[in-house]
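Worksheet for the structure shown next.
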Amino acid sequence: MLGTRAVDLVAIDLALPGMNGLEAIEEIMSSRPLPVLVLTSDITGKGDVAAAALAAGALEVIGKDEVNVADPGGAQGAAFRDRVRLLARARVIRHPRARLRRNRELPGRGRPVSVIGFCASTGGPKILEALLAALPPGYPIPLLVVQHISPGFTAGLVRWLNLSAGVPVRVAAAGVVAAPGAWVAPEGANLSLAGTGRLELDRRAGGRRYLPSGDVLFASIAAAAGPHGVAVVLTGMGRDGARGATAVRVAGGLAVAQDEESSPIYGMPRAAAETGVDLVLSPPEIASHLRGLTYQPLAGAS
């Protein structure tokens with residue numbers, strides 16, 4: 001398909017003449033792995049389209065309505081070009097690398113934990129899929145997830161994660177008790193945990209670049225769970241999650257960042273690691289560590 005051309009990134013539409021776009025992505029990823037950016041105009045059910053593309057190996061999916069081709073010199077066009085340049089430098093990882101360090105003693109194993117928060121951006125869905133699939137059915141610790149993703153794709157992402165996750169995956173709703181399973185922040189709303197153990201949603205950006213924000217989630221975990229909270233910062237561009245992970249650590253909780261080798265985009269985890277975390281781990285190591293934690297219900301849960 002690509003021959004011997006020097007290619008940094010493949011931008012692809014899922015509606016291709018003579019070939020299904022998903023099949024094209026699978027062919028690229030099996031024969032010559034490259035960063036793949038999907039542009040789709042499928043508005044109805046596009047969450048499922050995005051999930052299928054990510055499962056096939058695409059790094060990111062963007063709706064065509066997010067790119068204003070009529071004004072390529074405008075702010076939207078400049079932002080899109082910046083994103084393309086960054087994705088072109090990304091590591092392509094079809095499966096998170098194992099590379100487990102044998103006989104390595106990790107601090108915090110067996111510690112009592114009330115809630116675990118995750119923050120991810122570019123490349124995050126595949127990492128989240130691997131982490132959730134590695135957890136056993138009935139895993140008792142609630143998992144709260146902030147995944148930066150294009151508008152309209154969250155519901156499809158949740159359905160896709162549910163196909164392989166060892167725990168139920170749901171879109172978070174205000175007032176719901178953070179029961180066992182994974183709760184994904186809805187688009188356009190910050191997800192936080194109250195001291196009562198219930199989920200809260202806030203659609204005010206408050207000057208923050210990201211909505212939902214990992215910093216907001218982690219800050220609430222620090223306040224509600226104190227030493228029984230965990231913050232995990234995964235692959236992605238920017239610095240979201242670094243400040244919140246520090247808040248969790250200062251409160252006595254555990255802060256973890258994904259390592260550089262396994263991160264398609266080492267932006268967010270780098271910022272967290274530079275700010276200060278307890279552990280820098282590969283996805284399999286993170287999953288192994290999470291399996292070793294014990295559940296401690298929130299003191300003020302109701």
- prompt: Looking at region 108-116, is at least one residue assigned to a loop (DSSP other than H, G, I, E, B), touching an Asp or Glu at 6+ places or on another chain (Cβ under 9 Å), touching a residue at least 12 places away in the same chain (Cβ under 8 Å) and closer than 25 Å to residue 279 by Cβ?
  reply: yes
message: Whether any residue in region 218-232 is closer than 29 Å to residue 84 by Cβ, in contact (Cβ under 8 Å) with a residue 24 or more places away in the chain and open to solvent by 40 Å² or more (accessible area, probe 1.4 Å) is what I want to check.
response: no
In region 126-157, the residues that are open to solvent by less than 10 Å² (accessible area, probe 1.4 Å), farther than 21 Å from residue 60 by Cα and touching a strand residue (DSSP E or B) at 6+ places or on another chain (Cβ under 7 Å): 141, 142, 143, 144
message: Among the residues of region 254-283, what is the count of those that are open to solvent by 10 Å² or more (accessible area, probe 1.4 Å) and among the hydroxyl-bearing types (Ser, Thr, Tyr)?
response: 2
- prompt: Hey, residue 160 hits all of (1) in contact with a strand residue (DSSP E or B) (Cβ under 8 Å, 6 or more places away or on another chain); (2) touching a residue at least 12 places away in the same chain (Cβ under 8 Å) but one; which does it fall short on?
  reply: (1)
query: Do we find a residue being in a loop (DSSP other than H, G, I, E, B) and at negative phi anywhere in region 214-227?
result: no
message: Take residue 239 and tell me if it is of a type in the set (Lys, Arg), in a loop (DSSP other than H, G, I, E, B) and in contact (Cβ under 8 Å) with a residue 24 or more places away in the chain.
response: yes
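Here's the yes/no breakdown for (1) at pLDDT 75 or above; (2) under 17 Å from the mean Cα position of the chain (by Cα); (3) surrounded by fewer than 12 Cβ atoms within 10 Å (Cβ to Cβ); (4) not in a loop (DSSP other than H, G, I, E, B):
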| residue | (1), (2), (3), (4) |
| --- | --- |
| 38 | yes, no, no, yes |
| 61 | yes, yes, no, yes |
| 65 | no, no, no, yes |
| 69 | no, no, yes, no |
| 87 | yes, yes, no, yes |
| 93 | no, yes, no, no |
| 101 | no, no, yes, no |
| 106 | no, no, no, no |
message: Residues that are open to solvent by less than 20 Å² (accessible area, probe 1.4 Å), at least 3 per element: which strands (runs of 3 or more DSSP E) completely within region 165-212 meet that?
response: 181-184, 190-193
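The values are calculated or read from the model by the stated rules, or taken from the named source; none is laboratory data. Quick caveat: nothing in here was measured; it's all calculated off a predicted structure. All Cβ positions, even for glycine, are placed from backbone atoms using ideal geometry, and neighbour counts span all protein chains on display. The protein model used for the area step is the full one, side chains on, heavy atoms only, and it has no ligands, DNA or RNA in it. Shrake-Rupley method; radii C 1.70, N 1.55, O 1.52, S 1.80 Å.
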